[in-house]
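The structure follows.
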Amino acid sequence: MTSREFHDRLGRRAKRAGVNLPPKLASRLEIYFRLLETWNRKINLTGLNLAEATPETLDRLLIEPLVAARHIPAGVTRMLDVGSGGGSPALPIALALPSVRLLMVESKTRKSVFLREAIRAVELEGGDVAASRFEELLTRPELHEAHDLVTIRAVRIEPRVLSNLQAFLKTRGLLFLFRGATTADPSETVPPPLAWSATYPLLESLRSRLIVLEKRPVGQQRIVPRETKGLTRD
């Protein structure tokens, strides 16, 4: 697949999702995708079809994160991604929002090496990788209440996990949970100081949703639902 063919395919998927895709962003996403394809032949980074760049693959790895990035409020400068694996959704989000400093957390050594190489290849300023379990980072006080946004996709979510993750968030910081259509919205099971804030449909093709939790000030964890918008067009 030539670079032009890749850009054409990516552009069509972005248009269907209503995503603005500047040429520079598209080029950096291609660099990331090509690197992921090369490394995936050696280590298991994703089970998606990278060789053919199918619509499902492009939607999951690149377009879905760009749709989610539209829900990141102005003023977000520090982001932490947990269980980063092959780098999505973290890297596409960071490329779409260049003012954000990204820390990816990945416990598997070879995957963390790939993530460092991806940061270098796409020239992501302020990007870094912590090769450890996120629980181990709880011992680093400089990371406590230091992030505006925490993102998580391929990690099982339990109240204990949420309680640990909120330690990295500033007050009023957001926790983005990338989930499928059958995942129930958190409600009373969300441990304070977190509270459910909103649920946004992402891509119709994937039936995916973004669940947003907010770290509220102590005593203000009452759930105030926001209006849920319709699914993006496939």
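Read-outs: derived from the displayed coordinates by stated rules, not from any lab. Everything numeric in this text was worked out from a predicted model, so none of it was measured. Neighbour counts run over all protein chains shown; Cβ positions are idealised from the backbone, glycine included.
Work out the length of the dipole vector of the range 36-78 about its Cα centre, built from +1 on the beta-carbon of each Lys and Arg and -1 on the beta-carbon of each Asp and Glu, and round it to the nearest 20 debye.
So the dipole magnitude of the range 36-78 works out to roughly 260 debye.
Take the alpha carbon gyration tensor of the range 96-204, find the square roots of its eigenvalues, order them as a ≥ b ≥ c, and report rounded if a/c is under 1.5; if not, report prolate when a/b exceeds b/c, else oblate.
Working: a/c = 1.68, a/b = 1.38, b/c = 1.21.
Prolate shape, in that a/c is at least 1.5 and a/b is the bigger ratio.
Another one. At a threshold of 8 angstrom on Cα-Cα distance, excluding pairs fewer than six apart, so keeping six or more, what relative contact order does the chain reach in percent?
16 percent
Next up: In degrees from 0 to 90, rounded to the nearest 10, what is the angle of the helix 23-40 Cα long axis to the longest principal axis of the chain?
So the helix axis and the longest Cα principal axis differ by about 90 degrees.
While we're on this one: Lys/Arg Cβ at +1, Asp/Glu Cβ at -1, dipole of the chain taken about the Cα centre: which of SER208, GLY75, LEU137 is farthest positive-ward?
In the chain, that residue is SER208.
Next question. Over the residues of the range 49-105, compute the C-alpha Rg and express it relative to 2.2 N^0.38 Å.
Against the empirical 2.2 N^0.38 Å value, I get 1.16 for the range 49-105.
Can you tell which of LEU206, LEU66, LEU149 shows the greatest fluctuation in a Gaussian network model of the chain with Cα springs below 10 Å?
Ranking LEU206, LEU66, LEU149 by mean-square fluctuation puts LEU206 first.
Then there's this: Could you identify which residue out of GLY18, GLY127, GLY85 has the top mean-square fluctuation in a GNM of the chain using Cα springs shorter than 10 Å?
Result for the chain, Cα springs under 10 Å: GLY18 fluctuates most.
Could you work out the percent of alpha carbon pairs in the chain separated by over 25 Å, rounded to a whole number?
Looking at the chain, the distances longer than 25 Å represent 38 percent of pairs.
Right, something else. What angle, in degrees between 0 and 90 and rounded to the nearest 10, separates the Cα long axis of helix 3-17 from the longest principal axis of the Cα atoms of the chain?
Rounded to the nearest ten degrees, it is 40.
So, with +1 on the Cβ of K and R and -1 on the Cβ of D and E, and no other charges, what is the size of the charge dipole of the chain about its Cα centre, to the nearest 20 debye?
180 debye
Report the antiparallel proportion of the DSSP beta bridges in the chain as a percent, rounded to a multiple of 5.
In the chain, DSSP labels about 45 percent of beta bridges as antiparallel.
For the chain, with a Gaussian network of springs between Cα atoms less than 10 Å apart, report the residue from VAL100, VAL76, VAL67 with the top mean-square fluctuation.
VAL76
May I ask you to list the lysines whose Cα is less than 20 Å away from that of LYS215, ignoring any residue fewer than eight positions away on the same chain?
Reachable lysines: LYS170.
For LYS24, which lysines qualify as cross-link partners when the Cα separation must be under 25 Å and same-chain residues fewer than eight apart are set aside?
Partners within reach: LYS15.
Okay, next question. Identify, among VAL19, PHE168, ALA96, the residue whose Cα sits farthest towards the positive end of the charge dipole of the chain, taking +1 on the Cβ of Lys and Arg and -1 on the Cβ of Asp and Glu, with the dipole about the Cα centre.
Final value for the positive-end residue is VAL19.
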